[in-house]
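Working notes, structure below.
The values are calculated or read from the model by the stated rules, or taken from the named source; none is laboratory data. Keep in mind that what you see is a predicted model, and the values were worked out from it rather than measured. Quick reminder, even Gly has a Cβ in these numbers, built from the backbone with ideal geometry, and neighbours come from all protein chains shown. What goes into the accessible areas is simple: the full protein's heavy atoms, side chains included, and nothing from ligands, DNA or RNA. Shrake-Rupley method; radii C 1.70, N 1.55, O 1.52, S 1.80 Å.
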Amino acid sequence: MRILVTNDDGIHGPGLEVLEEIARTLSDDVWIVAPDAERSGAGHSLTLANPLRYRKLDDRRFEVEGTPTDCVIMAARKILPGLPDLVLSGVNRGANIADDVTYSGTIAAAMEGTALGLKSIALSQVTGIYDNGESFAVARAHGAAIVKRLSTMSFGPGVLINVNFPDCRPEEMQGIEVTRQGKRDQSHLFIDERVDARSRHYYWIGSNKEKGSPPAGTDLAAVFSKRISVTPLHMNLTQVEAMDALRGVFG
């Protein structure tokens, strides 16, 4: 089985090594194609106005001057000797749950794999909820078993799997839950205004660590309860229930 490993934290991202270890428990035919620098929040963006360049770091490790989506396309259409059987994206440093999936380059890489007809899984390690730092311990302990089980099943057309590991010690993990995408209270976002050495204002978009009380069955509730969240996402964003109302407006 040929596996493509990518991410949005960049070729030197700490979670990439973890994901490579996970991939090698399934196959010896593992290829790494990742951005040359961090591309967090890139979403499903393509590089169209500038040329793409890539650099070979060793026989099966490459960095691309582009987005996670660019990496998957370059891997599938240029770098690899043939299409991969499985695309693994991550392990992201931080959660990709609820509304995060629309911003995430980690999710976008798996989306692009799905768009190319490839079985694709995004994996993320939640951090900062229980003040355990940026440990990938739960992903290391349980990631291989999760991916092995997912690799044996058919996802169906247009479906990718989003896995989030809770922020706790491996022995504290409370199980695995199949979840739906949750919805954040958008009050968690804030603007941090600062002043540079030349008295010019600049800004960081930040997010507080409030957990809230998300509904049961959501990815949010699962990871807040120290469970691994496994969420099927779909490429088709059509809201079918709204179609009849629109037909009423447009005849």
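Of everything listed in (1) in contact with an Asp or Glu (Cβ under 7 Å, 6 or more places away or on another chain); (2) within 19 Å of Ile22 (Cα to Cα); (3) of a type in the set (S, T, N, Q), the single unmet condition for Thr179 is (2). Taken as a whole, the condition of being open to solvent by less than 90 Å² (accessible area, probe 1.4 Å) and modelled with pLDDT of 85 or more does not apply to Val178. From the list Met1, Met74, the lone residue that is crowded, with 17+ Cβ neighbours inside 10 Å, of a type in the set (A, V, I, L, M, F, W, C) and more than 28 Å from Asp219 (Cα to Cα) is Met74.
Can you go through Leu46, Leu57 and tell me which one is part of a loop (DSSP other than H, G, I, E, B), open to solvent by 10 Å² or more (accessible area, probe 1.4 Å) and not small (Gly, Ala, Ser)?
On the way: Leu57 fails: part of a loop (DSSP other than H, G, I, E, B).
Being part of a loop (DSSP other than H, G, I, E, B), open to solvent by 10 Å² or more (accessible area, probe 1.4 Å) and not small (Gly, Ala, Ser) holds for just one of Leu46, Leu57, which is Leu46.
Of the listed requirements (1) under 23 Å from the mean Cα position of the chain (by Cα); (2) free of Cβ contacts under 8 Å to residues at least 12 places away in the same chain; (3) within 30 Å of Met173 (Cα to Cα), Ser213 misses just one: (1). Within region 95-122, being over 16 Å from Thr231 (Cβ atoms), open to solvent by less than 20 Å² (accessible area, probe 1.4 Å) and assigned to a loop (DSSP other than H, G, I, E, B) holds for one residue alone: Leu118. If you go through region 169-203 and keep only what is under 30 Å from Arg149 (Cα atoms) and of a type in the set (D, E, K, R), you end up with Arg169, Glu171, Glu172, Glu177, Arg180, Lys183, Arg184. Being in contact with an Asp or Glu (Cβ under 6 Å, 6 or more places away or on another chain) and of a type outside the set (Ser, Thr, Tyr), is that true of even one residue in region 133-155? No - not one qualifying residue is present in region 133-155. For region 157-167: of the residues being over 12 Å from Ser120 (Cβ atoms) and open to solvent by less than 40 Å² (accessible area, probe 1.4 Å), which is modelled with the lowest pLDDT? Selected residue: Asp167. Restricting the first member to region 47-74 and to residues that are closer than 12 Å to Ala37 by Cα and of a type in the set (A, V, I, L, M), and the second to residues that are open to solvent by 90 Å² or more (accessible area, probe 1.4 Å) and at pLDDT 95 or above, the beta-carbon pairs closer than 6 Å and six or more apart or on different chains are Val64/Tyr54.
Can you find, within region 196-251, the residue that is modelled with the lowest pLDDT among those that are more than 30 Å from Ser154 (Cα to Cα) and of a type in the set (Lys, Arg)?
So the first thing to find is which residues in region 196-251 are more than 30 Å from Ser154 (Cα to Cα), and the list is 196-213, 244-251.
Now narrow it down to the ones that are of a type in the set (Lys, Arg): 198, 200, 209, 211, 247.
Working: Arg198: 93, Arg200: 94, Lys209: 63, Lys211: 68, Arg247: 95.
Selected residue: Lys209.
From the list Ser40, Ser27, the one residue that fits, being part of a loop (DSSP other than H, G, I, E, B), open to solvent by 10 Å² or more (accessible area, probe 1.4 Å) and at pLDDT below 95, is Ser40.
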